[in-house]
1. Calculate, for VAL174 and SER215, the FRET efficiency according to 1/(1 + (r/R0)^6) with r their C-beta to C-beta distance and R0 30 Å; round to the nearest 0.05.
2. Once fully extended, how much extra length lies between GLN14 and ALA204, figured as 0.36 nm per residue of separation less the alpha-carbon to alpha-carbon distance?
3. Gain in length, MET93 to HIS197, computed as 0.36 nm per residue apart minus the alpha-carbon separation, to one decimal in nm?
4. What distance in nm lies between label points placed 7 Å from Cα along the C-beta direction at LEU44 and GLU100?
5. List the lysines whose Cα lies under 20 Å from the Cα of LYS104, skipping any in the same chain that are fewer than 8 positions away.
6. Quick one: compute the contact order of segment 11-127, relative version, from alpha carbon pairs under 8 angstrom and 6+ residues apart, as a percent.
7. On a straight-distance basis, which lysines could pair with LYS211 in a cross-link, Cα separation under 27 angstrom, same-chain partners fewer than 8 positions away excluded?
8. Given Cα positions, please report Rg to Rh for the chain, the hydrodynamic radius being the Kirkwood one.
Amino acid sequence: MIVLTGVPQSESFQKDLEHLVNRVFFKAIDLLGGLQKLAEYRTLTWLPSLARAAFAVILREEYMKTEDEIAQMVGLTRNTVRSILRADPTLVMEKLKKLEELAKEEAKEMKVHTAGGIAKLAYKMVKEGQEAETLMHYCGLMIEDAMKHLDIPWAYTVLKHLKGTKYPITGPEVLKEKLKDVRIKNLPATEVVEKLHYPIKNPAQLLHEIKMVISTEEGK
């Protein structure tokens with residue numbers, strides 16, 4: 001973990017910042033093909049650059065920190081922070097299409113503008129609800145396990161049938177296909193998912209939406 005220095009911050013600020021940085025950092029790894037791909041290209045040395053870039057982008061976008069403040073907090077030079085914040089995500093997307101060439105070009109350490117572009121893109125995607133697949137998978141497993149032990153059979157069944165589903169879910173089509181043989185509290189799942197509010201960003205929101213529909217139907 002990168003320890004922020006120089007500018008005193010509240011504990012809640014530190015926690016909120018770190019949680020968002022973790023989400024953006026894992027999404028950035030997703031964009032690079034995952035840790036296995038990074039290991040394959042021997043580019044795990046890129047990770048510190050990605051982490052610092054994620055901090056810099058979030059401190060600017062979420063907390064409106066200046067270049068000098070970010071440099072002081074993250075332990076970078078002002079010029080490095082400026083390069084991160086001015087990076088063009090569009091150009092980085094072109095590089096990501098040729099990951100093998102990028103790995104050769106930046107073998108030892110990821111260039112500042114590349115890290116900045118990836119961090120910007122990852123931040124944008126996370127804010128749009130496109131979380132890292134690693135985190136979503138773990139989240140799904142944790143919720144599934146909790147539902148099983150809390151004896152909420154419909155929730156456990158729904159999550160079990162939706163393993164591997166990518167979020168955000170923008171409409172009922174995917175859910176109707178995967179839940180076509182499932183009943184939720186004696187209601188066909190295909191009918192329930194038609195009444196959900198989309199997009200659905202994660203498994204927790206999905207279960208909440210279903211619960212609201214069930215409560216409404218039971219109250220009729």
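Every number in this text was worked out from the coordinates using simple rules, so none of it is lab data. Just so it is clear, the model here is predicted, and its values are computed rather than measured. Here the Cβ is made from the backbone with ideal geometry for all residues, glycine too, and neighbour counts use every protein chain on show.
1. 0.80
2. Values: separation 190, 0.36 × 190 = 68.40 nm, distance 2.43 nm.
Using 0.36 nm per residue and subtracting the Cα-Cα distance, I get 66.0 nm.
3. Values: separation 104, 0.36 × 104 = 37.44 nm, distance 3.10 nm.
Using 0.36 nm per residue and subtracting the Cα-Cα distance, I get 34.3 nm.
4. 2.3
5. Here the lysines satisfying the reach criterion relative to LYS104 are LYS37, LYS95.
6. 38
7. Counting by Cα, and skipping residues close in sequence, LYS211 has these lysines nearby: LYS127, LYS148, LYS160, LYS163, LYS166, LYS176, LYS178, LYS180, LYS185, LYS195, LYS201, LYS220.
8. In the chain, Rg relative to Rh is 1.07.
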